[in-house]
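What follows is a set of notes on a single structure, which appears directly below.
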C-alpha cells in the first residue's frame, strides 16, 4: 500500500536496550514572549539567543544542537485565569512568567518518524539524517501534534546530523499500516539521537 503523507513528528518507540520506555521527561523553559509554535514531537534545542530557554531546532549547520523532543508545556492562561497544560505552545502567551516545557532528552530513546519524500529502505540503516525543520510551524493546533519529518535528501555519515537511522518501521508494524511501504515516499523509520546535547562534549556558548 502506498504511504500517505501524514507526519506526526518524533514519537517515542522504546529504548535501544529493550528496557521499559519510562520516557522520563526533563523540565525546560520557554520564554512566554517566544513567537515560535512548539508541538508535541518537535525537535528542540537550547537557545543561544536566550540562555536557559528553549528554541525550536532550525536544522542549520550553525544552529544549537538538539536537546530533545518537545512533549507538552504548562503556562498561565489569561483567558481562563489559571495554569493549563497544553500539548503545544501557541506562541506569545502574554504572561511574564516562563513557560514550563517537558522534553524527552534521553539519548537512548528510539523514535519513529516519517520521511519527507523518497522512500528510505533498509540500505539507509546506520546512516545519519537531518530534520526538515520547515515543517516546524505546520503542526496541528487541535491536537498539538508535530509535523516534523526527517529529510530524505540529507542522509550521510556526517557526525553533525542529529539522528541515526537504526531500523525500518515495517519490521515492527503489520502490513497495511501507513508508512511500511519502503519503496514509496513517506515511509516511517526508527531513529535514535546522534548529535544531541546530552551526548555532545562541546558546551553551549553564547
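The values are calculated or read from the model by the stated rules, or taken from the named source; none is laboratory data. Computed from a prediction, not measured in an experiment: that's the story for all the values here. Heads up, the Cβs are rebuilt from the backbone with ideal geometry, glycines too, and the neighbour counts pull from every protein chain shown.
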So which of 122, 77, 116 ends up being touching a helix residue (DSSP H, G or I) at 6+ places or on another chain (Cβ under 9 Å) and surrounded by 14 or more Cβ atoms within 10 Å (Cβ to Cβ)?
-> 116
Inside the range 127-138, can you point out the residues that are in a loop (DSSP other than H, G, I, E, B) and modelled with pLDDT of 90 or more?
-> 127
Of (1) assigned by TED's automatic domain parsing to the domain that holds residue 171; (2) surrounded by 19 or more Cβ atoms within 10 Å (Cβ to Cβ), residue 70 satisfies all except one. Which?
-> (1)
Report the residue count in the range 29-67 for those that are at negative phi, touching a residue at least 60 places away in the same chain (Cβ under 8 Å) and buried (at least 23 other Cβ atoms within 10 Å of the Cβ).
-> 10
Could you tell me whether any residue of the range 1-21 is more than 24 Å from residue 171 (Cα to Cα) and modelled with pLDDT of 90 or more?
-> no
